[in-house]
Amino acid sequence: MNPKNIRTKLLNDLQKRLSYLRNSMLPKKFDALGNYDDQTILLTEAYILLVHAEIESYIETVCHDLIKHVAKQWADESKTSPTLFCLLASYHHSWVEQEGEPKKAKDIKEAIKLATSQYSHIIKSNHGIKRNDLKKIIIPTGVDYNNLDDSWINNMDAFGSDRGKIAHTSHKSRINSSVSPQDSLNKSNSLLEGIKKFDQEIIKLYLSS
């Protein structure tokens, strides 16, 4: 089975949501000179916030679902997988900052439970798609973070910064900002192409589990 011919339902849902946001919030036609009224700029800023939220939700959920899948496989069938190995290795080596050392488990069942619980906490406390956010979420899944397209990681990081500027400042203070509806759509489309490749890596891990 070729992973390129498969995609997760979460990816399909993400594409539908991004298409809906584009059609609902951005101009049907873009101005060649980039001249837009204040309402269009406000809608574009809202579009950036919502696209960010959809992408963040996809990354968190697709990774968390994989972790829960391999943990259940072990609980039901004592079946190992590359993802389970990476989850345990990440927990053992404390790949995120936390108070104290990882708790020592009395057996493999408890170790998997502790590692899964820690991962679930990281997902719940995550608030972004920047480089460090992605590392914390992706590394334990077994996806080779270092082999991901660096330009995609950089673009995700930049989009996270764009979102942060909008979310944490007033519109009045951004009145002369250079937010562009067409540029925002182009960024969203570019991120989606990278997400499609990432989704294939997730599918490969499902197939090997």
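List of remarks:
- Meets criteria (under 26 Å from Leu207 (Cβ atoms), at pLDDT below 95 and open to solvent by 20 Å² or more (accessible area, probe 1.4 Å)) for Pro3: yes
- Tally, over the range 75-94, of residues that are in a helix (DSSP H, G or I) and either surrounded by 17 or more Cβ atoms within 10 Å (Cβ to Cβ) or among the hydroxyl-bearing types (Ser, Thr, Tyr) (or both): 7
- Here is the figure for the range 4-30: residues that are in a loop (DSSP other than H, G, I, E, B) and farther than 13 Å from Leu192 by Cβ total 7.
- Those residues of the range 59-74 which are in contact (Cβ under 8 Å) with a residue 12 or more places away in the chain and open to solvent by 10 Å² or more (accessible area, probe 1.4 Å), in sequence order: Glu60, Thr61, His64, Asp65, Lys68, His69, Ala71, Gln73, Trp74
- The set of residues from the range 152-192 being modelled with pLDDT under 85 and surrounded by 12 or more Cβ atoms within 10 Å (Cβ to Cβ) comprises His171, Arg174, Ser177.
The values are calculated or read from the model by the stated rules, or taken from the named source; none is laboratory data. These numbers come from a predicted model, not from an experiment. Counting neighbours? That spans all protein chains shown, and the Cβs are built from the backbone with ideal geometry, glycine included. Accessible surface is based on the protein model in full, side chains and every heavy atom, while ligands, DNA and RNA are left aside. Shrake-Rupley method; radii C 1.70, N 1.55, O 1.52, S 1.80 Å.
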